[in-house]
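The values are calculated or read from the model by the stated rules, or taken from the named source; none is laboratory data. Everything numeric in this text was worked out from a predicted model, so none of it was measured. When we count neighbours, we look across all protein chains shown, and the Cβ atoms used for this are built from the backbone with ideal geometry, even at glycine. Each accessible area value is taken on the protein alone, full model and side chains, heavy atoms only, with ligands, DNA and RNA left out. Shrake-Rupley method; radii C 1.70, N 1.55, O 1.52, S 1.80 Å.
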Amino acid sequence: MFDLVIFDCDGVLVDSERIAVRIDAVVLDRLGWALTEAEIIERFVGRSEAYMVSEIEAAIGRPLEHGWDAEFVPLYRDALAAELEPVDGIVEALDAIAIPNCVASSSSHERLRFTLGLTGLLDRFDGRIFSATEVANGKPAPDLFLHAAATLGADPARCAVVEDSRYGVEAARAAGMHGFGYAGGLTTAERLAGPATTVFHDMHELPALLEATPTNGDGAV
């Protein structure tokens, strides 16, 4: 049995990925780098804001000026405020999971408070929210998950990670944790599958999967 369940946020707790990718396409086009939504999903879903900024600068051949995103922030906030909902089944899953848990996300703390607050999930994780801004390397590096486990006193080999992106499940594997890849979002089951990873399609299944998946001490089953 696991000692700690680490939840990603976007696409796992809050159904924000489709909204964000749609706005990302508009923002990137205005900056001079036209990408399809499929290309955005492949390149950026699960990655940190810092990584995305570095890739944008490389693609357009110039650094982004300080405050470059001021005109775009309202696009995201307005769309999320109007459309954001919890991921289907996650509220029921959280109610049924008795294992200690936390959030570890590529999003900033400000965005995490905003999206979790909009969906009524913020209080469930009070004091147990971790952002990639706290570590040197974002996903697919293991830094964020190892930081969350260390802060909460959990052995990485006895941690489960619930993710919806390929970069997220790769980070879980790198951390020696067992991954549960949620394929009900934008990333296909094939992109999530791999060693020490249980792929599932319905959040209602998660509590039973956590109970039925023992670890052997290295994050594998």
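A few notes on this one:
- Residues (among the charged types (D, E, K, R) and out of contact with any Gly (no Cβ under 8 Å at 6 or more places or on another chain)) located in the stretch 96-146: 110, 111, 113, 123, 124, 126, 128, 134, 143
- The stretch 84-99 - residue that is within 18 Å of the chain's Cα centre (by Cα) and open to solvent by 60 Å² or more (accessible area, probe 1.4 Å) and, of those, nearest to residue 159 (Cα to Cα): 88
- Within the stretch 176-190, the residues that satisfy the criterion of being under 19 Å from residue 1 (Cα atoms) and surrounded by 24 or more Cβ atoms within 10 Å (Cβ to Cβ) are 177, 178, 179, 180, 181.
- Residue selected from the stretch 113-160 under the condition open to solvent by 40 Å² or more (accessible area, probe 1.4 Å) and closer than 17 Å to residue 50 by Cβ, by the criterion nearest to the chain's Cα centre (by Cα): 140
- Restricting the stretch 30-83 to residues that are exposed (fewer than 15 other Cβ atoms within 10 Å of the Cβ) and of a type in the set (Val, Ile, Thr), the residue that is farthest from the chain's Cα centre (by Cα): 60
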